[in-house]
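Q: Here's a structure for you.
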Amino acid sequence: MIELFNVFLMSMLIITALAMVSSRHLFVTVMLSGFFSLLIAAIFLLLDAADVALTEAAVGAGISTVLFLGALALMDVEETVRGEKWIRIFSLFVVAVTTLALVYAAFEQPAFGDPNAPIHQHVAPWYIQHVPIHMDIPNIVTGILGSYRGYDTLGEVFVVFTAGIGVLSILGDPVKNRRQRVVKKAGLRHYLIPRLVGRTLIPFIVLFGLYVQFHGEYSPGGGFQAGAIIAAAIILFAILEGEDQALKIIPMRGLYFLMASGALLYAGVGVATMLMGGRFLEYGVLADTMVAGQQWGILLIEAGVGMTVTGVLLTIFHAFAARSNL
Amino acid sequence: MVWLDLYHYWVFAILLMIGYFSVIAKRNLVKKLIGLSLFQSAVFLLYITMGKVDGGTAPIIGMTDKTDIFSNPLPQVLILTAIVVGISTTALGLSIVVRIKEAYGSIEEDVIHQKDQVE
Amino acid sequence: MNMIDHLPALQVIVPLISAPFCILMRNHMLAWAVAVVASGAAFSLAILSMGFVSDGATLTYAMGGWEAPYGIALEIDAFSALLTVIISGASLLALLAGAASARQQLVDEKQPLFFSAWLLALAGLLGITITADAFNIFVFMEISSLASYVIIAAGPHRKALGAVFKYLVMGTIGATFYLIGVGLIYMMTGTLNLEDIALRLNDVSDQRPIFVAAGFITIGLALKAAVFPLHVWMPNAYNYAPHIVSAFIAACATKVSLYVMMRFDFMVFQPNLVGHEFQFSYFFMPLALIAILSGAVVAALSRDLKRLLAWSSVSQIGYIVLGASLTTEAGLTSAIAHMFNHALAKGGGFLIAMGAALYYTTTRFSNLAGLGKEHPWIAAAFVVIGCSLIGVPGTAGFISKWLLVSAALEQGALGVLIISVVVLSSLLAVVYVWKVVELFYFAPRPEGGSSDVMQVRKPEMLLYMLVLGLVAGANIWFGIMPGEPLALAGQAAQALLGGSL
Amino acid sequence: MVMLIDILATGLMAIGAFFVFVGGLGALRMPDFYTRMHAASLTDSAGPIFILSGLMVQSESYLVAVKLFAVLVFLLITAPTASNALASASLLAGNKPGLAVKRSSAE
């Protein structure tokens, strides 16, 4: 039964992808890409990847759609020029070669879901066995993300940070950009109902974000998802009440600070463990016992991740919105 | 049937093709970015698929007490990272597209190319 | 634990942590100073670790205290030590020399963001070279690429935007290809640590997914390394980037991708896959030969100094790939030594372009005519660096070319072809270097060309001249006394062929 | 008892599925924007009410039931709001309802 559902979702996925690429209207493409993300999140959930599904839903369907729409507000939404024929033929050729390579690799792969596949033999069982011993938290994904591969996650935070300062550097400071233009309408002021409902809901969304943040060790969730959710709540506020109001609550300087301090908190935990006699990001030394130290470490770095992600996503949103005037 | 057992893999391959084609063949810059994110999503699917274990559950201890078989958590960790990398790339790409639109008045690669030639 | 034990971690962490501090600086000079200090620290750490590995030892570090393959391991051996020296040295020198140029090309209030991105690019490149984990390479590759897009997009000309977009698309495709390859390998071996992969690959080496993975990883990294014909993103990106960025990125970015490619190929695939070294050879050698010639031809035809240097890079990357594709110890030694020497020459070349642009705003040939009369030192430095690009005896470029030629001689008949290509391209290099030298010394100054010159402050100029002199001097020094880099290159080549990490 | 719960749950979910199906059909077949939107709003009002109640009846623990209820409440607040925003945006953009257009042309 679940297989059938899986096949259905997969077919929808392919149909959506085809529609996305063939549609000439960019607005349609972007809305479909949100739908695509939601579908693929559902598939991830069926494949037991709850954390990934939550992230994809928050980031892919939520934030990325908002970004695309914000950018589309600044440009023509119609795709006018069709590529020349030789380009299409060349692309088909390149894609065909790649696909042939992938088809060639398909056989001799372990079967889908085979518990004896090499991937399930070597490192993974060790993690599943040792997470309860080393850090005693139920969510194994959080354990690996925060501790065993904490260095990857540090890198990831800095990727996000790079994107934040990159967008700022390319598009310019939102506050200055806004000042240069005449602000016509701020937000959806004349829509009473959305405003009212939005205002009621925003605290709950933030609350949910905080739950996802601090419950990440016990259930799917963690800093990235929480950051995306909290950022989404504030973006909703900005859409309803206007950019300026949102910037009054958290000004640009605050966002800079949020971005930087989140990244620094994460790296700072690493430096602290170094100074306390451990290796970089060896949380065990933070407290008396290994387990307590690991839990503290993961809690702290997840907080850092959440701060940076929130700060960066809001910064990017403001940077786009200031250009488009919403 | 070997073919049908691998259907997740085929979906991955088809999505990859669609995205890749869109990146190379489309002349519209936003379309290229959309294709790029499609291309990356396909790879996410590849990783998550290979982590699935038959009869397993999400790797959270004590979430359900029916089984103690867990799907492989490591690919999930990797893909969490990759998703965030993907959105970062998209955001950066979009901001460049916005600037290109402002500088050239178009987001079609051919038009931009023409304007560069004229100069 | 002793602080020295933390060396591999500190090498990456120091620039990484400095980046967030940079954006909190309100003053652009302060941001610049933070970047200089961080690069300087990274450079001294790199020199320090070079001292440790020069006797054949490797420094290892288990991140978070988790031993590989469960945690992420860092590793510095001769090859990576040489790379870290190149990267951090290029960053430090470009920053020191480029203070005036940055002021010329960038808006003051954007400079904290710019230098922060610069440090992230530096940390990303260092992170790639030091890690021993296949997925960690991807993460740091993305840090360095995203940061490079940002600093290249800061270029003043609108064409920089188009160039960066192309770079972004192709770079992301390359990284995603790499990710597919790593995924397939992980599927078959269940591990991500390079050393562990090399061990466990042996059991499954005859299976198809591994072949395909090798292909995806090689193509993906070749894209990032701008190996012909995947170089199309590079010339424009280097050309339209701010001058200070060109000097940094051109000296080290593509080499890091080449480094990863060589490490993967020689340490993971070749010991395990039957016949892989021949595939590697036959795939890359023709490409390298075409790259060497075509890059030099386009460079000889170009009418802009930066464009010339960028296309010369296509040709010079060809030399590195050619050396690697011989798959012999001598060939690899020449490739690795050329990484170092080319970084010196190309970094120096872009420094000249930076200085010329300070006085004449652009680097078009029509603007630069007669530079030698007004700024004799810059022109003299170009002569030295140009000789190094050509490979004149007594300069650094000669050493690696000589090594390459002697490595090719071992190959018999094939060697003759290789040597003739090398000689031909050296002649082309003489053509393009001579074009510039002639322009600098013998062409008359155009009327009123230098009217809109920016005000260059004295200390900035002094720093610039000092760095330029240092780089030009180094091109000669390492041409006469190539001891240390050559020893490291030899060790690295041995380690690569020994198949141990 | 278990049997009864199963029947009840299946029945509720079937009704919900029916509403969703009708909503989808209407969104495709209705003549103009507003009527189509009206049909589509069925999929996120009546549909979820029945489907989620069916799931709640079936759920194993109270915690799951409460979570499902929270989801339902959230949906019932946001879905109409979204429809309202969409409709008024369309009206502001000058998109007249089909019936009104017909009437004015008949007069």
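The values are calculated or read from the model by the stated rules, or taken from the named source; none is laboratory data. In this text, all values refer to a predicted model and were calculated from it rather than measured experimentally. Every residue, glycine among them, receives a Cβ derived from its backbone with ideal geometry; neighbour counts consider all protein chains shown. Note: areas computed on protein heavy atoms with side chains; ligands, DNA, RNA excluded. Shrake-Rupley method; radii C 1.70, N 1.55, O 1.52, S 1.80 Å.
Q: Which ranges mark the helices (runs of 4 or more DSSP H) fully within segment A:17-109 that have 3 or more residues being more than 14 Å from chain C (Cβ to nearest Cβ), open to solvent by less than 40 Å² (accessible area, probe 1.4 Å) and in contact (Cβ under 8 Å) with a residue 12 or more places away in the chain?
A: A:26-46, A:50-55, A:64-72
Q: Right, here's the next one. Does residue B:80 satisfy the criteria of being in contact with a Phe, Trp or Tyr (Cβ under 9 Å, 6 or more places away or on another chain), more than 25 Å from residue A:155 (Cα to Cα) and within 7 Å of another protein chain (Cβ to nearest Cβ)?
A: no
Q: Turning to a different aspect of this structure: For segment A:306-320, how many residues are open to solvent by 10 Å² or more (accessible area, probe 1.4 Å) and over 19 Å from residue A:221 (Cβ atoms)?
A: Residues flagged as open to solvent by 10 Å² or more (accessible area, probe 1.4 Å) and over 19 Å from residue A:221 (Cβ atoms) within segment A:306-320 amount to 1.
Q: Please verify whether residue B:53 is at the interface with another protein chain (Cβ under 7 Å from one of its Cβ atoms), outside any helix (DSSP H, G or I) and either farther than 19 Å from residue A:138 by Cα or at pLDDT below 90 (or both), treating the condition exactly as stated.
A: yes
Q: Test of understanding: among C:389, C:322, C:332, which residue is modelled with pLDDT of 90 or more, farther than 30 Å from residue C:498 by Cα and under 20 Å from the mean Cα position of the chain (by Cα)?
A: So the residue among C:389, C:322, C:332 that is modelled with pLDDT of 90 or more, farther than 30 Å from residue C:498 by Cα and under 20 Å from the mean Cα position of the chain (by Cα) is C:389.
Q: Need a quick list: helices (runs of 4 or more DSSP H) entirely within segment C:112-215 having at least 2 residues that are at the interface with chain A (Cβ under 9 Å from one of its Cβ atoms), surrounded by 24 or more Cβ atoms within 10 Å (Cβ to Cβ) and of a type in the set (A, V, I, L, M).
A: C:134-153, C:159-189
Q: Yes or no: segment B:67-76 includes at least one residue that is open to solvent by 10 Å² or more (accessible area, probe 1.4 Å) and more than 8 Å from chain A (Cβ to nearest Cβ).
A: Yes: segment B:67-76 contains one or more residues that are open to solvent by 10 Å² or more (accessible area, probe 1.4 Å) and more than 8 Å from chain A (Cβ to nearest Cβ).
Q: Follow-up question, since we're still on this one. Restricting to segment C:13-27, and then to whatever is open to solvent by less than 10 Å² (accessible area, probe 1.4 Å) and closer than 15 Å to residue C:118 by Cβ, can you tell me which residue is nearest to the other protein chains (Cβ to nearest Cβ)?
A: C:20
Q: Hey, among the residues in segment C:327-342 that are open to solvent by less than 10 Å² (accessible area, probe 1.4 Å) and among the hydrophobic types (A, V, I, L, M, F, W, C), which one's nearest to residue C:394 (Cα to Cα)?
A: Among residues in segment C:327-342 that are open to solvent by less than 10 Å² (accessible area, probe 1.4 Å) and among the hydrophobic types (A, V, I, L, M, F, W, C), the one nearest to residue C:394 (Cα to Cα) is C:337.
Q: For segment A:121-129, does any single residue satisfy the condition of being within 14 Å of chain C (Cβ to nearest Cβ) and farther than 28 Å from residue A:218 by Cα?
A: There is no residue in segment A:121-129 that is within 14 Å of chain C (Cβ to nearest Cβ) and farther than 28 Å from residue A:218 by Cα.
Q: Something else: Identify, from the list D:46, D:85, the residue that is within 26 Å of residue A:192 (Cα to Cα), under 12 Å from the mean Cα position of the chain (by Cα) and surrounded by 13 or more Cβ atoms within 10 Å (Cβ to Cβ).
A: So the residue among D:46, D:85 that is within 26 Å of residue A:192 (Cα to Cα), under 12 Å from the mean Cα position of the chain (by Cα) and surrounded by 13 or more Cβ atoms within 10 Å (Cβ to Cβ) is D:46.
Q: Among the residues of segment C:351-374, is any open to solvent by 10 Å² or more (accessible area, probe 1.4 Å), of a type in the set (D, E, K, R), at pLDDT below 90 and not in a helix (DSSP H, G or I)?
A: Yes: one or more hits.
Q: Only one residue in A:303, A:292 is open to solvent by 10 Å² or more (accessible area, probe 1.4 Å), over 21 Å from residue A:165 (Cα atoms) and of a type in the set (A, V, I, L, M), so which one is that?
A: A:292 is the lone residue from the list that is open to solvent by 10 Å² or more (accessible area, probe 1.4 Å), over 21 Å from residue A:165 (Cα atoms) and of a type in the set (A, V, I, L, M).
Q: Would you be able to tell me the number of residues in segment D:1-41 that are open to solvent by 60 Å² or more (accessible area, probe 1.4 Å), modelled with pLDDT of 90 or more and under 25 Å from residue D:89 (Cβ atoms)?
A: Number of matching residues: 1.
Q: Counting only residues that are surrounded by 24 or more Cβ atoms within 10 Å (Cβ to Cβ) and in contact with an Asp or Glu (Cβ under 7 Å, 6 or more places away or on another chain), give me the helices (runs of 4 or more DSSP H) lying completely in segment A:136-181 with at least 1 of them.
A: The helices (runs of 4 or more DSSP H) meeting that bar are A:140-143, A:150-171.
Q: From the list C:400, C:406, pick out the single residue that is of a type in the set (Ser, Thr, Tyr), closer than 19 Å to residue C:345 by Cβ and either at pLDDT 90 or above or part of a helix (DSSP H, G or I) (or both).
A: Just one listed residue meets the conditions, C:400.
Q: Among the residues that make up segment C:51-58, is at least one of them under 25 Å from residue A:269 (Cβ atoms), among the hydroxyl-bearing types (Ser, Thr, Tyr) and surrounded by fewer than 23 Cβ atoms within 10 Å (Cβ to Cβ)?
A: Checked against the condition, which is being under 25 Å from residue A:269 (Cβ atoms), among the hydroxyl-bearing types (Ser, Thr, Tyr) and surrounded by fewer than 23 Cβ atoms within 10 Å (Cβ to Cβ), segment C:51-58 yields no hits at all.
Q: Enumerate the pairs (first residue in segment A:207-219 and free of Cβ contacts under 8 Å to residues at least 24 places away in the same chain and under 16 Å from residue D:63 (Cα atoms); second residue anywhere and open to solvent by 20 Å² or more (accessible area, probe 1.4 Å) and not basic (Lys, Arg)) with beta-carbon separation below 6 Å, excluding pairs fewer than 6 apart on the same chain, so at least 6 apart or on different chains.
A: Pairs found: none.
Q: May I pose another question? So which of A:71, A:53 is small (Gly, Ala, Ser), within 30 Å of residue B:57 (Cα to Cα) and in contact with a Leu (Cβ under 6 Å, 6 or more places away or on another chain)?
A: That would be A:53, the only listed residue that is small (Gly, Ala, Ser), within 30 Å of residue B:57 (Cα to Cα) and in contact with a Leu (Cβ under 6 Å, 6 or more places away or on another chain).
Q: May I pose another question? How about segment B:18-44: which of its residues are under 22 Å from residue A:111 (Cα atoms) and either surrounded by fewer than 24 Cβ atoms within 10 Å (Cβ to Cβ) or more than 7 Å from chain A (Cβ to nearest Cβ) (or both)?
A: Correct list: B:42, B:43, B:44.
Q: Could I ask something else about it? Can you name every residue in segment A:1-16 that is more than 7 Å from every other protein chain (Cβ to nearest Cβ) and either charged (D, E, K, R) or within 29 Å of residue B:108 (Cα to Cα) (or both)?
A: Correct list: A:3, A:15, A:16.
Q: Okay, next question. Within segment C:227-275, can you find the residues that are over 17 Å from residue C:343 (Cα atoms), small (Gly, Ala, Ser) and open to solvent by 10 Å² or more (accessible area, probe 1.4 Å)?
A: C:275
Q: Give me the pairs, please: first residue somewhere in segment A:238-257 and within 14 Å of chain C (Cβ to nearest Cβ), second residue anywhere and of a type in the set (S, T, N, Q) and open to solvent by less than 60 Å² (accessible area, probe 1.4 Å), beta-carbon distance under 8 Å, and either six or more positions apart or on two chains.
A: A:252/A:315; A:255/A:315; A:256/A:315
Q: Residue B:87 is checked against (1) at the interface with another protein chain (Cβ under 7 Å from one of its Cβ atoms); (2) closer than 25 Å to residue C:146 by Cβ; (3) open to solvent by less than 10 Å² (accessible area, probe 1.4 Å) and fails just one. What number does that condition carry?
A: Of the numbered conditions (1) at the interface with another protein chain (Cβ under 7 Å from one of its Cβ atoms); (2) closer than 25 Å to residue C:146 by Cβ; (3) open to solvent by less than 10 Å² (accessible area, probe 1.4 Å), the odd one out for residue B:87 is (3).
Q: Looking at segment A:204-318, what helices (runs of 4 or more DSSP H) fall wholly within it and have at least 2 residues that are small (Gly, Ala, Ser) and modelled with pLDDT of 90 or more?
A: A:223-241, A:252-275
Q: With surrounded by fewer than 15 Cβ atoms within 10 Å (Cβ to Cβ) and at the interface with another protein chain (Cβ under 7 Å from one of its Cβ atoms) as the only criterion, which of B:110, B:116 stands out?
A: Testing whether each residue is surrounded by fewer than 15 Cβ atoms within 10 Å (Cβ to Cβ) and at the interface with another protein chain (Cβ under 7 Å from one of its Cβ atoms) leaves just B:116.
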